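Remarks on the structure that follows.
Each reported figure results from applying straightforward, stated rules to the coordinates on display, with no laboratory input. Computed from a prediction, not measured in an experiment: that's the story for all the values here. Note: ideal-geometry Cβ built from the backbone for every residue, glycine included; neighbour counts use all protein chains shown.
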Amino acid sequence: MTRLGAVFRPQLAPERLRSVAQIADQAGLEELWLWEDCFREGGISTAAAALAWTERVRVGVGLLPVPLRNVAVTAMEVASLHRMFPGRAIVGVGHGVQDWMGQVGARVESPVTLLREHLVALRALLGGERVTTDGRYVRLDDVALDWPPEGGGAGVLAGATGPRSLRLTGEAADGTVLTAGTNAEGVREARRLIAEGREAAGRGAGAHRVVVYLLTATGAGAADRLRAELVAEGLDAVPDLGVAGDAGAVAKAVERLAEAGADTVVLQPTGDEPDPEGFVRFAAEEVRPLVP
């Protein structure tokens with residue numbers, strides 16, 4: 001069955017998160033996703049708060065930019081979430097928006113190399129291993145977590161867009177997060193590249209979760225809001241991207257992505273969504289029943 005989620009966009013003030021998270025939980029939404037966008041809201045802090053305010057909804061962070069984070073700190077924080085809220089935290093990492101990384105002095109010469117090193121070390125630490133490594137960017141000397149996640153570790157997702165990054169997620173991550181700039185054909189291509197990465201790394205044809213954001217507008221002025229956002233993001237020329245309309249139209253768009261290979265589709269409201277609480281309720285109560 002396709003999992004369905006929604007995004008709490010960081011254009012909203014942090015104090016809005018509690019009401020959105022609680023409504024998502026009460027309405028039966030499966031997943032609520034958060035972003036660590038510069039320079040808005042921290043991913044781990046908001047995830048911890050959302051998990052503490054709720055009982056059952058899973059909370060995803062997509063993504064933590066690895067240039068901003070020492071891998072040991074990332075592992076400590078992620079492990080803490082998994083132990084405090086078993087089975088409910090989902091964490092993804094990525095190489096970050098390079099302009100933002102440059103603004104804070106964290107831009108590196110090879111973002112893909114950094115992401116690979118970070119993923120390998122992070123998954124090992126979360127798996128309870130003691131890690132010593134001397135990479136180009138990631139250096140650890142006899143580091144192990146005192147409190148790794150119980151049950152043999154926690155899956156780590158990675159964000160990717162280009163072919164090299166997508167192959168890398170197949171090679172070194174447990175799942176892949178795709179942006180809202182990905183249509184159904186893009187999901188199929190991502191699946192192909194991920195499979196190439198897994199094969200190259202000798203990981204075979206095992207499970208690899210694919211999460212994709214779907215830019216979604218509903219209610220008054222939905223088509224205009226969607227079109228304006230696509231234009232603003234430079235995505236208006238990409239065919240079959242985003243959806244505007246009622247629950248039936250949104251569910252059909254979700255199904256197209258699922259048929260192309262997405263395991264989870266996360267509805268991403270436009271930046272000017274007038275009713276964030278209503279949006280998550282719409283996802284849970286109107287769209288979810290229509291999605292197989």
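Label point of ASP224 set 7 angstrom out along Cα-Cβ; within the range 262-292, amide nitrogens under 17 Å from it belong to 270-275.
Residues considered: GLN103, GLN268, GLN26. Largest GNM mean-square fluctuation over the chain, using C-alpha springs under 10 Å, is found at GLN103.
Computing FRET efficiency as 1/(1 + (r/R0)^6) for ARG56 and GLU109, where r is the C-beta to C-beta distance and R0 is 51 Å, gives about 0.70.
In this calculation the C-beta distance from ASP275 to MET84 is compared with R0 = 25 Å, giving a FRET efficiency of 0.20. Of ASP272, ASP240, ASP146, the residue with the greatest mean-square motion in the GNM of the chain, using alpha carbon springs below 10 Å, is ASP146.
A compact globular protein would have a Cα radius of gyration near 2.2 N^0.38 Å; the ratio found for the chain is 0.96.
Spacing of the modelled spin labels on PHE39 and GLU259, each 7 Å from Cα toward Cβ, amounts to 4.6 nm. If R0 equals 22 Å, the separation of the Cβ atoms of ALA201 and TRP147 corresponds to a calculated FRET efficiency of about 0.20. Rounding to the nearest 10 and keeping the result within 0 to 90°, find how far the Cα-based axis of helix 17-27 lies from the longest principal axis of the chain. That works out to roughly 70 degrees. If a/c stays under 1.5 just call it rounded; otherwise compare a/b with b/c (prolate if a/b is bigger, oblate if not). Do that for the range 1-153, with a ≥ b ≥ c from the square roots of the Cα gyration tensor eigenvalues. Taking the square roots of the gyration eigenvalues as a ≥ b ≥ c, the range 1-153 is oblate.
What's the magnitude of the charge dipole for the range 22-134 around its Cα centre, counting Lys and Arg as +1 and Asp and Glu as -1 at the beta-carbon? Answer in Debye, nearest 20. Working shown, then result.
On the way: 10 positive and 13 negative charges, 49 e Å.
About 240 debye.
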